[in-house]
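Engineer: Below is the structure I would like to discuss, written out as structure tokens.
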Amino acid sequence: MKTIGVADTTFARFDMASAAIDELERTGTGFRVERYTVPGVKDLPVACKLLIEERGCDIVIALGMPGPMEKDRMCAHEASTGLIRAQLMTNRHIIEVFVHADEAPDDGGLAALAEGRAREHAVNAYDLLFRPDRLRRDAGTGQRQGFPDEGPIGRR
């Protein structure tokens, strides 16, 4: 049985992991979920690596909500770099799902964005494992997670 890892943080202001897990359960079967919660985004790379190497996850979703300050952006960049390294070290996909605190005008918009992005990327993780043809079908179509899709440009 396949295992999908979900790594999240206590720093986030929305429970993105619960939304992702709920969406995974709605999407399909044939997998189990392993959740690992850490304090902040810079802790996510090791959490994801542990989910893969010690808990046997086939893919991991890394959920975080960096703050709006320049220091927060720097921390998010460092975390993102760590997630890329963890992917290369383990040969497993880690789907980075960050929602920056300044992406929405208010708390309600931020909550909606966090939930939407977590849910849509949960489906992406499922598709990578079980339905890669769906991702190929959508290649070049301007898909956006948490926002309306942009749509394709040019010839299709």
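Engineer: To the nearest 10 square angstrom, how much accessible area does Leu88 have with a 1.4 angstrom probe?
Structural biologist: Accessible area, nearest 10 Å²: 130 Å².
Engineer: Let me ask something additional. Running Debye on the chain with equal point scatterers at the Cα sites and no solvent, what base-10 log of I(q)/I(0) appears at q = 0.09, 0.14 Å⁻¹?
Structural biologist: Listed by q, the Debye log ratios stand at -0.28, -0.68.
Engineer: Please state the charge dipole magnitude for the chain, taken about the Cα centre, from unit charges on C-beta atoms (+1 on K and R, -1 on D and E), reported in debye and rounded to the nearest 20.
Structural biologist: Dipole of the chain, to the nearest 20 debye: 660 debye.
Engineer: May I ask for the net charge around Asp107, where only other residues with Cβ less than 15 Å from the Cβ of Asp107 are counted and Lys, Arg are +1 while Asp, Glu are -1?
Structural biologist: Taking every Cβ under 15 Å from that of Asp107, the sum is -4.
Engineer: Taking amide hydrogens as modeled 1.01 Å from N in the peptide plane, which residues meet the under 5 Å criterion relative to Phe98, leaving out close sequence neighbours?
Structural biologist: The answer is Gly64.
Engineer: What does the charge add up to near Pro148, with Lys and Arg as +1, Asp and Glu as -1, over the other residues with Cβ less than 13 Å from its Cβ?
Structural biologist: -1
Engineer: Pop out the ³J(HN,Hα) list for the range 3-13 in order, Karplus 6.51 cos²θ - 1.76 cosθ + 1.60 with θ = phi - 60°, rounded to Hz; leave Gly and Pro as x.
Structural biologist: 10, 10, x, 10, 10, 9, 10, 7, 6, 4, 9
Engineer: Check which residues have an amide H placed less than 5 Å from Cys57's amide H, if you skip close sequence neighbours.
Structural biologist: Under 5 Å from the amide H of Cys57: Ile52.
Engineer: With point charges of +1 on the Cβ of Lys and Arg and -1 on the Cβ of Asp and Glu, referenced to the Cα centre of the range 1-149, which listed residue (Val123, Gln87, Leu63) lies farthest in the positive direction of the dipole?
Structural biologist: The one lying farthest along the dipole's positive direction is Gln87.
Engineer: While we're here: Hey, if you put +1 on the Cβ of every Lys and Arg and -1 on every Asp and Glu Cβ in the range 1-99, which of Ala17, Val46, Thr27 ends up farthest toward the positive end of that dipole?
Structural biologist: Going by the Cα projections, it comes out as Val46.
Engineer: I would also like to ask the following. What spacing in nm lies between the two simple spin-label points modelled at Asn91 and Arg136, each 7 Å away from Cα in the Cβ direction?
Structural biologist: For Asn91 paired with Arg136, the spin-label model returns 2.1 nm.
Engineer: Of the heavy-atom accessible surface of the chain (probe 1.4 angstrom), what whole percent is carbon and sulfur?
Structural biologist: The nonpolar share, carbon plus sulfur, comes to 51 percent.
Engineer: Through the Karplus equation 6.51 cos²θ - 1.76 cosθ + 1.60, θ set to phi - 60°, convert the phi angles of the range 48-59 into ³J(HN,Hα) values in whole Hz; use x for Gly and Pro.
Structural biologist: Residue by residue, the range 48-59 yields 5, 4, 5, 4, 6, 7, 9, 10, x, 6, 7, 7 Hz.
Engineer: Grab the other residues whose beta carbon is less than 9 angstrom from that of Phe31, score K and R as +1, D and E as -1, and report the net.
Structural biologist: Neighbour charge sum, excluding Phe31 itself: +1.
Engineer: OK, next. In whole Hz, with x marking every Gly and Pro, tabulate ³J(HN,Hα) for the range 17-32 from phi via Karplus 6.51 cos²θ - 1.76 cosθ + 1.60, θ = phi - 60°.
Structural biologist: Result, ordered by residue: 5, 4, 5, 5, 5, 4, 5, 4, 5, 6, 6, x, 10, x, 8, 10 Hz.
Engineer: Out of residues 5 or more away from Glu34 or on other chains, whose amide H comes under 5 Å of its own, with H placed 1.01 Å from N in the peptide plane?
Structural biologist: Correct list: Ile4, Gly5, Val6.
The values are calculated or read from the model by the stated rules, or taken from the named source; none is laboratory data. This is a predicted model, so every value here is computed, not measured. We place every Cβ from the backbone using ideal geometry, glycine too, and count neighbours over all the protein chains shown. Please note that ligands, DNA and RNA were not included when accessible areas were found on the heavy atoms of the full protein model with its side chains. Shrake-Rupley method; radii C 1.70, N 1.55, O 1.52, S 1.80 Å.
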